[in-house]
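Coordinate-derived values only; no laboratory data. Bear in mind that the values here come from a model prediction, so they are computed numbers and not experimental data. All Cβ positions, even for glycine, are placed from backbone atoms using ideal geometry, and neighbour counts span all protein chains on display.
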Amino acid sequence: MRYLPKSPTDREEMLAEIGVSSIDELFSTIPAEYRLTRDLAIPRQHSESEIVDKFRAFAESNATGYASFLGAGVYRHYRPVIIDSLVQRGEFLTSYTPYQPEISQGTLQAMFEFQTMICELTGMEIANASMYDGSTGAAEAIMMAVRVTGRDGAVIARTVHPEYREVISTYAQHQEIPVTEVAYASNGRVDLAALDAAVTSDTACVLIQSPNFFGTIEDVAAIAEIAHKKGALLIVSIAEAVSLGIVKPPVEADIVSMEAQSYGVALGYGGPYCGVIACKEKFLRQMPGRLIGETKDMNGKRGFVLTMSTREQHIRREKATSNICTNQALVAMMTTIFLTVYGKQGMKELAEQNLAKAHYAQGALSKAAGVKVLFDGAPRFHEFVLELPKSAAETNTALLDDKIIGGLALQKWYPELGPNASLWCATELTTRKQIDAAATALAGKKA
């Protein structure tokens, strides 16, 4: 228990045992200025209904009526209500690890279907279920490539999500994996000449993101050719999974690392989200995370089991491929339900809506005087970079007066773009009315 109540007599006995006369004497070594006073000015206790009312008021003041144009790796998409209705069933919500397949068939089958859908979407042959999120998945994919190739270097495009690159840097530092970053060209795609020069005989893998952080779709086939001719593997990271409804899957890749948050997972302050690794079958034994296999029981009936378990807490821990010791099964369940509800045609239509909304938004917002579209010249999905007349931070502050949350300021991660560059996003939930309002507001705040 976190808190064990003690009576005054119990406390006196404990203090006497350790040789002090009071609680204050016990903490006397702590300087007085760092100690809490007895008067903490704690407000009165509130009932449950009062607390709920307060949180509703906070939500209304923070979000109601605001139009958001933020994306950058976390995306607002419609979540069918059936998702929460199903994942909150006790047999899914309270279950943890399905070590006993004879009583876990429902969970195991759901995870198997998840893997199957991910393979269909990415063009890969196998997929796990699952990783923590897109960033750790990308880092794990690099370590996987190092094990497969026996090499120790990674070449990463600067168009990969900057926070993914930060996570990768932490992993690589302690795994002693040298990382080389490659710049982007004027069209927002990775610089192919620089990439070719960076890949050597010591390179285990090339990591790109497509659509990349600027929203631009990379030339995966050309990048794969560069990597493969020098014996390196190609890892394609996908931060916006909805793009696979219309964008050609990266079949040329050896490993795909994806963030599946867009498939029915609610926005949150960093998660929990749903990372995925999919790859060619020949790399199966080096793939981290869980894998669910289909089998038959002693009566010949179809069944599902955990298979190829190479996680650190399993019996053969010395051969573990990852120190990730759990998975995101409940969150993966959300994506399974989402993909089942939408289906193949629905995913295509959803992606087309996102593409159309972004195209309209880019055209409308760029009409304001002094606004320029950066990286215009390569195909993109639903994000785009604008150079504004004033700094992105100053513009966003002004837009809040009109209940508009503007794009993400890029200077922190891309100082060469300057303070005026910002990344904007439009999804199917962004209405034409909101886009027109943002364009009007942006035009009015250009001075």
Discussion item. Within the range 85-108, name every residue whose backbone N is under 14 Å away from a label modeled 7 Å from Cα of M298 along the Cβ vector.
Written reply: 102
Worksheet item: Taking the simple approach of a point 7 Å from Cα along Cα-to-Cβ for both I42 and A222, what is their distance in nm?
Response: 6.3
Discussion item. If I take R0 = 25 Å and measure r between the Cβ atoms of T116 and D152 in this structure, what FRET efficiency does the formula 1/(1 + (r/R0)^6) give, to the nearest 0.05?
Written reply: 0.15
Worksheet item: Add -39500 (n - 2.57) for each DSSP H run of 4 or more in the chain, then divide by its residues: what number comes out at 222 nm, to the nearest 500 deg cm²/dmol?
Response: -11500 deg cm²/dmol
Worksheet, complete the sentence: For the range 81-338, the Cα-Cα pair-distance distribution in 5 Å bins from 0, as whole percents, is 1, 6, 14, 18, 19, 16, 11, 7, 4, 2, 1, 0, 0
Practice prompt. Treating only the Cβ atoms of Lys and Arg (+1) and Asp and Glu (-1) as charged, compute the dipole magnitude of the chain about its Cα centre; round to the nearest 20 debye.
Written response: 860
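Over the range 81-338, what relative contact order in percent results from Cα pairs under 8 Å that are six or more residues apart?
26
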Item to complete: Stick to Cα atoms and the Kirkwood definition of Rh, then tell me Rg/Rh for the range 70-194.
Response: 1.05
Response to the item:
Around P211 (Cβ within 13 Å, Cβ-to-Cβ, excluding P211; K/R +1, D/E -1) the net charge comes to -2
Item to complete: Express the C-alpha Rg of the chain as a ratio against the empirical globular expectation 2.2 N^0.38 Å, rounded to two decimals.
Response: 1.15
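State the extension gain, in nm to one decimal, for the chain segment bounded by T94 and I51, taking 0.36 nm per residue of separation less the distance between their alpha-carbons.
Working it through step by step, the gained length comes to 12.9 nm.
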Item to complete: Considering Cα pairs under 8 angstrom that are at least six residues apart, work out the relative contact order of the range 317-440 and quote it in whole percent.
Response: 26
Worksheet, complete the sentence: Between R380 and residues 5 or more places away or on another chain, the pairs with built amide H atoms under 5 Å apart involve I217
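In the neighborhood of L86, defined by Cβ-to-Cβ distances under 15 Å, what is the net charge if each Lys or Arg adds +1 and each Asp or Glu adds -1?
Values: positive: R79, R89; negative: D84, E91, E113.
With Lys, Arg at +1 and Asp, Glu at -1, the neighbours total -1.
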Discussion item. Just want to confirm a number: the relative contact order over the chain, from Cα pairs under 8 angstrom separated by 6+ residues, in percent.
Written reply: 19
Worksheet item: Looking at the range 81-338, what % of its DSSP beta bridges pair antiparallel, to the nearest 5?
Response: 45
Fill in: Spin-label pair E33/Y66, simplified geometry with 7 Å Cα→Cβ offset, distance in nm
3.7
Worksheet item: Given 0.36 nm per residue, what is the gain on full extension from D24 to L4 after removing their alpha carbon distance, in nm?
Response: 5.2 nm
Response to the item:
Of the range 337-368, those with amide N under 12 Å from the point 7 Å along the Cα→Cβ vector of I405 are none
Worksheet, complete the sentence: Scoring only Lys, Arg, Asp and Glu (+1, +1, -1, -1) among other residues with Cβ under 12 Å from the Cβ of V220 yields -3
Response to the item:
Membrane-span-like helices (DSSP H runs, Cα span along own axis at least 20 Å, mean Kyte-Doolittle at least -1.0) in the chain -> 48-62, 105-122, 134-149, 329-365
Worksheet item: With the chain treated as a Gaussian network of Cα nodes joined by springs under 10 Å, which of V199, V20, V236 yields the largest mean-square fluctuation?
Response: V20
